[in-house]
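Colleague: Attaching a single structure in structure tokens format; questions to follow.
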Amino acid sequence: MPALGGIHHVKFAVSDIQRSIDWYGRVFGFATTMEFKDDEGIVRGSVGKLTGLDNTLLAFRENKELSDSLSGFDPVSFAVQGKAEVQSWVDHLNAEGVENSGLRIAAIGYIVFFHDPDGIKLHVYSFDTPAPDEIEA
């Protein structure tokens, strides 16, 4: 089987493209690199980069019906190295006024979870795993 080289992009259906661009910009440092406009010149899609993810793009496509069906779904977990980095994300989310779970300890890593404006559940997970005595039951 041929090897994969990574993930090219992750795409979310969103109900309001500009709201999502602004929110992901504030929370993740999203910077648009390409826009897709409809026949009237209104932006309906956007592709861009997130701070720290040089080789993976994030894309948005405006589609209210589909975005409604994705609310509560958790399609992607962003990665950081360890507990301290997850705590830094908790602090950042709090500073940005983003409601979040706080630092949690799971069997496969430290985690914080939160929702984007369309209710998509996002995680920041650590590569480091907690010691067995730290794991929440």
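The values are calculated or read from the model by the stated rules, or taken from the named source; none is laboratory data. The structure displayed is predicted, hence computed values, not measured ones. Cβ sites come from the backbone with ideal geometry, for glycine too, and all protein chains shown count toward neighbours.
Colleague: Can you run down the residue pairs with Cβ atoms below 6 Å, 6 or more apart or on separate chains, where the first is in region 77-102 and assigned by TED's automatic domain parsing to the domain that holds Asp118 and the partner is surrounded by 14 or more Cβ atoms within 10 Å (Cβ to Cβ) and of a type in the set (S, T, N, Q)?
Modeller: Val80/Ser126; Gly82/Ser126; Val86/Ser126; Leu93/Asn100
Colleague: Select, from Val90, Val27, the only residue that is crowded, with 17+ Cβ neighbours inside 10 Å, closer than 26 Å to Gly6 by Cβ, of a type in the set (Val, Ile, Thr) and modelled with pLDDT of 95 or more.
Modeller: Selected residue: Val27, the only one of Val90, Val27 that is crowded, with 17+ Cβ neighbours inside 10 Å, closer than 26 Å to Gly6 by Cβ, of a type in the set (Val, Ile, Thr) and modelled with pLDDT of 95 or more.
Colleague: Further question on the same structure: Go through region 34-50 and count every residue that is touching a residue at least 12 places away in the same chain (Cβ under 8 Å) and either surrounded by fewer than 11 Cβ atoms within 10 Å (Cβ to Cβ) or within 15 Å of Ile120 (Cβ to Cβ) (or both).
Modeller: Counting residues in region 34-50 that are touching a residue at least 12 places away in the same chain (Cβ under 8 Å) and either surrounded by fewer than 11 Cβ atoms within 10 Å (Cβ to Cβ) or within 15 Å of Ile120 (Cβ to Cβ) (or both) gives 2.
Colleague: Consider region 44-74. How many of its residues are touching a strand residue (DSSP E or B) at 6+ places or on another chain (Cβ under 7 Å), more than 16 Å from Trp23 (Cβ to Cβ) and outside any strand (DSSP E or B)?
Modeller: 5
Colleague: Now a separate question. Out of the residues in region 1-33 meeting the condition of being touching a residue at least 24 places away in the same chain (Cβ under 8 Å) and part of a loop (DSSP other than H, G, I, E, B), tell me which one is nearest to Asn63 (Cα to Cα).
Modeller: Ser15
Colleague: Suppose we filter Val80, Val76 for residues that are under 14 Å from the mean Cα position of the chain (by Cα) and surrounded by fewer than 18 Cβ atoms within 10 Å (Cβ to Cβ); which single one remains?
Modeller: Val76
Colleague: Within region 105-126, is even one residue within 15 Å of the chain's Cα centre (by Cα), β-branched (Val, Ile, Thr) and part of a loop (DSSP other than H, G, I, E, B)?
Modeller: Yes, there is a match, as at least one residue in region 105-126 is within 15 Å of the chain's Cα centre (by Cα), β-branched (Val, Ile, Thr) and part of a loop (DSSP other than H, G, I, E, B).
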